[in-house]
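> Let me give you the structure first, and then I'll get to my questions.
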Amino acid sequence: MAVPICTAVLGGQTRTGDHSDCKSSSVPCNYGSIPQIFKIIVIGDSNVGKTCLTFRFCGGLFPERTEATIGVDFRERTVELEGERIKLQLWDTAGQERFRKSMVSHYYRNAHAVVFVYDVTSRPSFLSLPSWLAECERHLSSSDAPRVLVGNKCDLKDKVEVPTSLAQKFADAHGMAHFETSAKEQEGTGDHAEAIFLTLAHRLRSQRTMAMPRLLAAQDTAINLADDKQGADNGSYCYC
Ligand SMILES: Nc1nc2c(ncn2[C@@H]2O[C@H](COP(=O)(O)OP(=O)(O)OP(=O)(O)O)[C@@H](O)[C@H]2O)c(=O)[nH]1
Ligand SMILES: [Mg+2]
């Protein structure tokens with residue numbers, strides 16, 4: 001059974017913790033008014049479509065033009081699952097080594113889930129996956145954080161270089177769910193970006209009890225990020 005988190009004023013002090021205390025003693029708290037936050041990092045080679053996928057999920061549209069991400073962009077969307085508000089904080093990371101090297105530990109810190117993206121029309125982007133997995137192994141502290149493999153650009157049917165069966169085999173070997181999608185097309189090209197992130201949200205919600213300490217830490221991270229972002233010019237920022 002998942003344990004909700006809330007903030008309550010107890011003995012004159014603000015306390016964040018397990019909602020069951022407030023529930024049992026009828027202490028007024030803000031449960032339900034603040035959404036739970038899950039940090040999801042999106043990783044993969046440059047040009048595979050990480051920015052488009054996250055933009056699509058958070059903004060609903062396929063961006064007409066994108067530029068290589070520098071450092072990280074972060075996007076958020078609050079969804080409602082079984083009456084509870086869940087905030088998904090997506091970290092759209094840079095694929096190019098020179099734009100990410102000083103950021104790597106920040107990406108993985110307190111992450112609840114990792115989405116690995118490759119481009120179905122680019123075999124090299126698929127062949128890079130073992131090195132992305134190795135980086136994840138080195139930096140991600142939680143062994144139970146869900147990891148998902150996403151093959152993007154399924155709309156380019158004539159250019160596919162990575163067979164579904166090969167990618168599925170790779171995902172199975174590494175205990176990941178596998179999806180194929182297109183950030184560009186709405187329907188008819190496999191799983192919708194919407195469905196992929198919502199599936200992840202359901203999984204994270206059901207794992208929440210075990211993830212409680214990291215969840216609280218991520219809420220702190222989110223607050224710090226919001227402060228940092230106020231000073232940023234264009235919504236992306238870099239720790240270089
Ligand atoms: N046809 C097609 N093109 C896509 C799709 N997703 C992204 N693209 C295109 O692929 C290019 C790269 O997309 P981005 O989202 O910027 O790639 P990225 O992975 O964020 O790249 P970095 O920020 O450098 O790591 C852009 O020209 C997009 O328009 C898709 O599903 N279908
Ligand atoms: Mg990008």
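> Which sequence of 180, 185 reflects their accessible areas, 1.4 Å probe, from the largest down?
Largest accessible area first, the residues go 185, 180.
> Taking the Cα centre of the range 17-147 as the origin and placing charges on Cβ (Lys, Arg +1; Asp, Glu -1), which of 60, 36, 124 is farthest toward the positive end of the dipole?
Of the candidates, 124 comes out farthest on the positive side.
> How big is the antiparallel share of DSSP beta bridges in the range 39-176, given as a percent to the nearest 5?
40
> What pairs in 87/157; 101/153; 50/101 have C-alpha atoms more than 23 Å from each other?
Pairs exceeding 23 Å: 87/157; 101/153.
> Can you list residues from other chains, or at least 5 along the same chain, whose modelled amide H is less than 5 Å from the amide H of residue 161?
121, 122
> Of the heavy-atom accessible surface of the range 65-173 (probe 1.4 angstrom), what whole percent is carbon and sulfur?
Within the range 65-173, the accessible surface is 48 percent carbon and sulfur.
> In whole Hz, with x marking every Gly and Pro, tabulate ³J(HN,Hα) for the range 97-107 from phi via Karplus 6.51 cos²θ - 1.76 cosθ + 1.60, θ = phi - 60°.
In residue order, the calculated couplings are 3, 5, 9, 10, 4, 7, 9, 3, 5, 5, 4 Hz.
> Per residue of the range 76-92, what does 6.51 cos²θ - 1.76 cosθ + 1.60 with θ = phi - 60° give for ³J(HN,Hα)? Whole Hz please, x for Gly and Pro, Karplus curve as stated.
Listing the rounded values in order: 10, 8, 9, 10, 10, 10, 6, x, 10, 8, 10, 9, 9, 9, 8, 9, 8 Hz.
The values are calculated or read from the model by the stated rules, or taken from the named source; none is laboratory data. If you're wondering where the values come from, they're calculated on a predicted model, not measured in any experiment. Here Cβ is always computed from backbone atoms with ideal geometry, including for glycine, and neighbour counts include all displayed protein chains. For accessibility, only protein heavy atoms count, side chains too; no ligands or nucleic acids. Shrake-Rupley method; radii C 1.70, N 1.55, O 1.52, S 1.80 Å.
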